[in-house]
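Below is one structure, written out as structure tokens, with a few remarks after it.
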Amino acid sequence: MRRVKLQVQQTVNGYVAGPNGELDWMVWDWDSELQDYVGSLTDSIDTILMGRKMTDGFCAHWESVAGDPDNPEYESGKTFVETPKVVFSRTVTSLKWKNATVAKMGLKDEVTGLKNQDGKDLMVYGGANFVSNLIREQLIDDFYLFVNPVAIEKGLTIFGDISDKLQLKLVETKSFRCGIVLLHFEMEEDR
């Protein structure tokens, strides 16, 4: 069975974005070790899951990067454009982005169906509300939390709407020279 992996950057006090989705607090000067680590995560997947609110910014950015061979992130851009993306929305029925389709079923049924298909793992990038829904339904198998060395006064969280205790198992911690710390958790098996 394929695994659903969440890759998210967050502040030390647990916010994944500012109150209006701001990301100006993120560390952008990643060291090569962090770039390689994230690259290996990307290599382990063949499908991206995301919410509608994140889709336009994500796809527009990577399609722009993939269209510029001089961009230092050109290869990553091509990878993200070519990787199939399943977008979850209650309002949108079609998308203008390459390799992006709207989920046909409800969240739990769609993700469970994707997990049961052959292939590499699935990666979730966001947004906050979408990730919260996945967590509430206990659909995420691996949590890759990249904690940035910053705290903000208030913002969006992915763990704020849990109706019951979420039992996670710490698998790995890793610090990077740029100040980001990885916390990798797995969902406990008895869910």
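List the number of the failed condition for D121; all other conditions in (1) charged (D, E, K, R); (2) farther than 24 Å from D46 by Cα; (3) in contact with a Ser or Thr (Cβ under 6 Å, 6 or more places away or on another chain) hold.
The number of the failed condition is (2).
Among what's in region 1-55 and is in a strand (DSSP E or B) and of a type outside the set (A, V, I, L, M, F, W, C), pick the residue that is farthest from the chain's Cα centre (by Cα).
Of everything passing the filter in region 1-55, D46 is farthest from the chain's Cα centre (by Cα).
Could you identify the single residue in E63, E73 that is surrounded by 14 or more Cβ atoms within 10 Å (Cβ to Cβ), more than 30 Å from K174 (Cα to Cα) and out of contact with any strand residue (DSSP E or B) (no Cβ under 7 Å at 6 or more places or on another chain)?
The match here is E63.
List the strands (runs of 3 or more DSSP E) inside region 88-191, counting only whole elements, that have at least 2 residues being in contact (Cβ under 8 Å) with a residue 24 or more places away in the chain, out of contact with any Pro (no Cβ under 6 Å at 6 or more places or on another chain) and closer than 20 Å to E22 by Cβ.
Counting at least 2 such residues, we get 121-126, 142-147.
Looking for something of a type in the set (A, V, I, L, M, F, W, C), touching a strand residue (DSSP E or B) at 6+ places or on another chain (Cβ under 8 Å) and closer than 20 Å to L122 by Cα - is there at least one such residue anywhere in region 20-33?
The answer is no, given that none of the residues of region 20-33 is of a type in the set (A, V, I, L, M, F, W, C), touching a strand residue (DSSP E or B) at 6+ places or on another chain (Cβ under 8 Å) and closer than 20 Å to L122 by Cα.
Only the coordinates and a few stated rules stand behind these numbers; no lab work does. Note that this is a predicted model, so its numbers are computed, not measured. Note: ideal-geometry Cβ built from the backbone for every residue, glycine included; neighbour counts use all protein chains shown.
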